[in-house]
Each structure stands twice: as structure tokens, then as C-alpha cells.
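Report on the structure given below.
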Amino acid sequence: MVQNTGILILCFLAGHVLRVSASYNECEAKEFGKCNQVFTDVFQKADKNQNVVDIYCKALKVRVECMASNTECVGEAIDLMRFAFLQHVTLDTTLGTCTNFDLEPLRKLVHANEKYHTMIAGLKDLEKDHFQPCAAKKNVYCASRFAEELKSGAKLCHALPNFFKCYESKTLVCDDKIYKDFVVDVIRTDSELKEFVKKFPNAMPGCS
């Protein structure tokens, strides 16, 4: 089921999805491309002996900073990307996979869009989820596989479907509520940003 998300999960789209119109700002394509590039660069330039989870967390931190850097660029596609990534990083920090993230600048940007006010409140529920020990273990497992794939040179649009598929796999089975909150809505995003990538192929080279 997750494999059908294809190109679209380019921005870790895990969250409540709003309909994205066919009208986009040029700056959105630039921000998509820029943040995708700095994110994947972390993996591909990492030392071969570096811990893959450390690489993964460094890449997330770089992307958080990138996505909050251009406060003037707003639009339906990039606002959705920012919200979805905020939810993804909330999962990682809640489970202790990554720590010491300053999410406030990104959170403020997302909160500036009134459509996301209720959804941001919902992130607090995710942060307070009581999770089983297996949840943290599985998160590290999936993050490690994702990092290894990107280190090997895989394109982001190919690695991300595998990443989310990992959460539903039978390996390290963990039927935890926090994963249901996180993964289920990913499936709903398939048509939301595919047209964006089609219109702006430079947002994710080689994946249109």
C-alpha cells in the first residue's frame, strides 16, 4: 500500500492532507529543490564509517533549518510539506531517535497558515502518545535502512516509499498507536503533490 505513494513522499508527507490546487509559486519549487538537495547531500557526503542514525539525524536537522529559512515563501504545496515534515520530526524526537532539535522556527511558519492550527494542536497528542518499547526500536531500524539506501546513492523519491513501507513491514512487528497516527495518512497524499513535481521537475530531479 505504501509503495503506491511513489514520488509524492518527497517531503515526508505524514499528516492530515489538504487539497493542493494547480496554482503554485515559483519559490515553492526552488525551496523544494534546495531542501531536497541539502538533505540528500548529508547522506552522500557522509564518512563511510559514520553511524547511520547520526547521519539520519544530521540530515533531518539540516532539512528543518532549510525549510524554515525562507519565511517569505508560502503556498499550499510548501505549507503542506512543512507541516508534514514537522510531524515526521516530532515522531523521531518523541521516540528518542534524534534529539536537540529546535523546531520552533518551523512550527511558527506552519502555524502562520490558519489551515494548520488544529493540526498543530494534534501534534501535541503525538508527542504525548504512550508508546511501546518496540516503537523506538522499529523507528531506529527503519531510519537506518533509509540512511543506508541514500548513502548508496539512491534517489530520494525511490528511498522514501521503501522507508514508509518499512513501518508496515513484518520485520520488527510493532502495532503501536504512534505508527498508526504517523503512517496511515501518508497513503492519502498520493495525488496531492504529484502534479507539483510534474510541473516543477527540478524540485526532484530524475523523479518526474
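Does the range 47-57 hold any residues that are in a loop (DSSP other than H, G, I, E, B) and either of a type outside the set (S, T, N, Q) or at pLDDT below 95 (or both), and which are they? Within the range 47-57, D47, K48, N49, Q50 qualify.
Screening V38 against (1) modelled with pLDDT of 90 or more; (2) among the hydrophobic types (A, V, I, L, M, F, W, C); (3) touching a Cys at 6+ places or on another chain (Cβ under 7 Å); (4) surrounded by 17 or more Cβ atoms within 10 Å (Cβ to Cβ) leaves a single unmet condition, (4).
Conditions tested, residue by residue: (1) on the phi > 0 side of the Ramachandran plot; (2) surrounded by 18 or more Cβ atoms within 10 Å (Cβ to Cβ); (3) outside any helix (DSSP H, G or I).
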| site | (1), (2), (3) |
| --- | --- |
| A59 | no, yes, no |
| V74 | no, no, yes |
| R82 | no, yes, no |
| V89 | no, yes, no |
| N100 | yes, no, yes |
| V110 | no, yes, no |
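Selection of first residues in the range 155-183 that are in a loop (DSSP other than H, G, I, E, B) and modelled with pLDDT of 80 or more and of second residues that are surrounded by fewer than 18 Cβ atoms within 10 Å (Cβ to Cβ) and of a type in the set (G, A, S), restricted to Cβ pairs under 9 Å at least 6 apart or on distinct chains, gives the following pairs, ordered by first then second residue: K155/G206.
In the set (1) modelled with pLDDT of 70 or more; (2) part of a helix (DSSP H, G or I); (3) under 18 Å from L60 (Cβ atoms), V186 fails one condition alone, (1).
The values are calculated or read from the model by the stated rules, or taken from the named source; none is laboratory data. Quick caveat, the model's predicted, so the values are computed rather than measured. Glycine gets a Cβ as well: all are built from the backbone with ideal geometry, and neighbour counts include every protein chain shown.
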